[in-house]
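The values are calculated or read from the model by the stated rules, or taken from the named source; none is laboratory data. None of these values were measured; they are calculated from a predicted model. Here the Cβ is made from the backbone with ideal geometry for all residues, glycine too, and neighbour counts use every protein chain on show.
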Amino acid sequence: MSRSTTPAALDARGWGWRYATRRRWAVRDIELRIEPGERVLLLGASGSGKSTLLQGFGGVLGGADEGESEGALLVDGQAPTQARGRVGMVLQDPDTQTILARVGDDVAFGCENLGVPRDEIWPRVRAALDAVELDVDLDRSTAALSGGQKQRLALAGVLAMRPGALLLDEPTANLDPEGVREVRNAVGAALDATGATLVVIEHRIDVWLPLVTRVVVLGAGATGTVVLADGTPDAVLGARGDELAASGVWVPGHPPSVPPPPAHAPGELLLHADALTVARRRGLPVAGPLDVEVRAGEALGITGVNGAGKSTLGLTLAGLLPAESGRVRATTALAGADGPDPFRWSSRALLTRIATVMQTPEHQLLATTVRDELAVGPRALGLPEAEVTTRIDELLDRLRLRPLADANPYTLSGGEKRRLTVASALATRPRMLVLDEPTFGQDATTWAELVALIARLRDEGTAIVAISHDQAVLHALHARRVEVGR
């Protein structure tokens, strides 16, 4: 990578944004200047407006039909929509940035839009894929990539464009530990080569501290969004670490509270897999053979590197994918009269037996308000409306979603969407809960609350299957572990 572009300056001058379906401003009255070439770590509690600010700088918030803005947001003194090619952004959900069917074409897409000469595009594509260590064929289907691989793909597409500012929103949230280091190193190498400005949002920040020169912390003020702290990493996280940790910011050396270990031994066997091989597509196995047991009142942690087949295993255990070979069998304690194969159960039967929270929240959102989203499962069961209301109100409070009850789910932050999908899964009170990266996008406070909630469900007899790269989650849940891909 060469210094073919100059680093960009980013300015927010009394800027605010309110989504069209929301009464509350996501960001308001924010004042912030990021100098060309600065490397900024942007922190704040879940819902503080970090992602909205980044999307504003990236020019992807939409027009007046999607929301209302005030003040000014500038890239090199221009509106972000006019600064074409100056900003490259990796969003929380990499699926929203996967455009074309083949890996090489997808990485090349941005360069082609910018009019990069054809003989320069493909060397850039290969260099970007090498930089993020996504070692797949250029004609590999993007749909066949794991969530972590899609994150690397999105980053490669941005690096290939060589923008003046690189904006990253939770770029390593669904990566294994080695993948996290590789992506961080790839970003560092790109910045060293190009001098680009960096703004990165991460809740788990240790890995980024060696790379950044400035930390900015956002929070809610009396009339809008305020910068709670701004300075060098040592000045912000050292001098004000206690204060920031208390507000929900992840601060090294200030771990969140964790629940006590389970008081009881695991309960009865609910489901078992024997010599199980799993696949997203018939004839293309990705993991196995595996023997797995799921018991009431126990947390089972599924671990492994990106692309090992963890999510596919979770979906197969949940009855959403058929076994490629081997078998998944529910015991009578879970299946009742519906037969032993969860994949053959009706949707209604699954609702009260096995609930699934997928890695990407958007894949599960169905309604236009948070309240209606929570009602989907209970209403599908035909519960009386009074019971539906009771369950919704309980979950709104337990998952800190009450202020968002009338909001459109798609306007929530990544962490809020995750809490919503967990709440929706709990609304039908299933006996078994499959969670794929359950704490993705959470600040320290909501992380602790989610982990405590999951532990309480475990202690009440629910079987928990947690797929996670976050070893702290599995440790806090005292999970028995199955490693995929060994």
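Brief remarks follow.
- Of all the numbered requirements in (1) surrounded by fewer than 22 Cβ atoms within 10 Å (Cβ to Cβ); (2) closer than 17 Å to residue 163 by Cβ, residue 96 misses one, and that requirement is (2).
A quick yes/no check of all residues on (1) among the aliphatic types (A, V, I, L, M); (2) in contact with a strand residue (DSSP E or B) (Cβ under 8 Å, 6 or more places away or on another chain); (3) closer than 18 Å to residue 103 by Cβ:
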| residue | (1), (2), (3) |
| --- | --- |
| 136 | yes, no, yes |
| 143 | yes, no, yes |
| 154 | yes, yes, yes |
| 176 | no, no, no |
| 184 | no, no, no |
| 187 | yes, yes, no |
| 196 | yes, yes, no |
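Yes/no per residue for (1) free of Cβ contacts under 8 Å to residues at least 60 places away in the same chain; (2) closer than 25 Å to residue 173 by Cα:
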{"site": "353", "(1), (2)": "no, no"}
{"site": "362", "(1), (2)": "no, yes"}
{"site": "373", "(1), (2)": "yes, yes"}
{"site": "387", "(1), (2)": "yes, no"}
{"site": "391", "(1), (2)": "yes, no"}
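- Residue 448 vs. criteria out of contact with any Cys (no Cβ under 8 Å at 6 or more places or on another chain) and closer than 20 Å to residue 202 by Cβ: yes
- Scoring residue 124 on the criteria (1) part of a helix (DSSP H, G or I); (2) within 21 Å of residue 200 (Cβ to Cβ) leaves a single failure, condition (2).
- Of the residues making up the range 293-312, those that are more than 12 Å from residue 467 (Cβ to Cβ), modelled with pLDDT of 95 or more and hydrophobic (A, V, I, L, M, F, W, C) are 294, 296.
- Residue match in the range 344-352 (condition: crowded, with 16+ Cβ neighbours inside 10 Å, of a type outside the set (A, V, I, L, M, F, W, C), at pLDDT below 95 and touching a helix residue (DSSP H, G or I) at 6+ places or on another chain (Cβ under 8 Å)): no
- Here the condition is being among the charged types (D, E, K, R), assigned by TED's automatic domain parsing to the domain that holds residue 352, within 30 Å of residue 352 (Cβ to Cβ) and surrounded by fewer than 17 Cβ atoms within 10 Å (Cβ to Cβ); of 281, 295, it holds for 281 alone.
- In the set (1) part of a strand (DSSP E or B); (2) in contact with a helix residue (DSSP H, G or I) (Cβ under 6 Å, 6 or more places away or on another chain); (3) not charged (D, E, K, R), the condition left unmet by residue 272 is number (2).
- The set of residues from the range 82-121 being outside any loop (DSSP other than H, G, I, E, B) and of a type in the set (A, V, I, L, M) comprises 87, 89, 90, 103, 107, 108, 121.
- Filter result (within 26 Å of the chain's Cα centre (by Cα) and not in a loop (DSSP other than H, G, I, E, B)) within the range 303-346: 303, 310, 311, 312, 313, 314, 315, 316, 317
- Residues (of a type in the set (Ser, Thr, Tyr), closer than 28 Å to residue 6 by Cα and surrounded by fewer than 18 Cβ atoms within 10 Å (Cβ to Cβ)) located in the range 17-68: none
- Qualifying residue in the range 258-269 (condition: within 19 Å of residue 204 (Cβ to Cβ) and surrounded by 13 or more Cβ atoms within 10 Å (Cβ to Cβ)): yes
- Residues that are at pLDDT 85 or above, under 19 Å from the mean Cα position of the chain (by Cα) and surrounded by fewer than 18 Cβ atoms within 10 Å (Cβ to Cβ) within the range 174-220 comprise 206, 207, listed in sequence order.
A quick yes/no check of all residues on (1) over 30 Å from residue 371 (Cα atoms); (2) among the charged types (D, E, K, R):
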{"position": "41", "(1), (2)": "yes, no"}
{"position": "48", "(1), (2)": "no, no"}
{"position": "51", "(1), (2)": "no, no"}
{"position": "70", "(1), (2)": "no, yes"}
{"position": "77", "(1), (2)": "yes, no"}
{"position": "80", "(1), (2)": "yes, no"}
{"position": "85", "(1), (2)": "yes, no"}
{"position": "95", "(1), (2)": "no, yes"}
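- Search result, residues across the range 354-373 that are within 20 Å of the chain's Cα centre (by Cα) and either among the acidic types (Asp, Glu) or in a helix (DSSP H, G or I) (or both): 361, 362, 363, 364, 370, 373
- Residues satisfying the stated conditions in the range 29-81, i.e. assigned to a strand (DSSP E or B) and under 17 Å from the mean Cα position of the chain (by Cα): 42, 43, 44
- Some residue of the range 103-123 being of a type in the set (Gly, Ala, Ser) and either in contact with a Lys or Arg (Cβ under 6 Å, 6 or more places away or on another chain) or loosely packed, with under 12 Cβ neighbours inside 10 Å (or both): yes
- Of all residue pairs spaced 6 or more apart or on separate chains, those with beta-carbon atoms under 9 Å, a first member in the range 52-64 that is closer than 12 Å to residue 15 by Cα and a second member that is in a helix (DSSP H, G or I) are 56/80; 57/80.
- Residues that are among the small types (Gly, Ala, Ser) and over 18 Å from the mean Cα position of the chain (by Cα) within the range 392-433 comprise 405, 407, 427, listed in sequence order.
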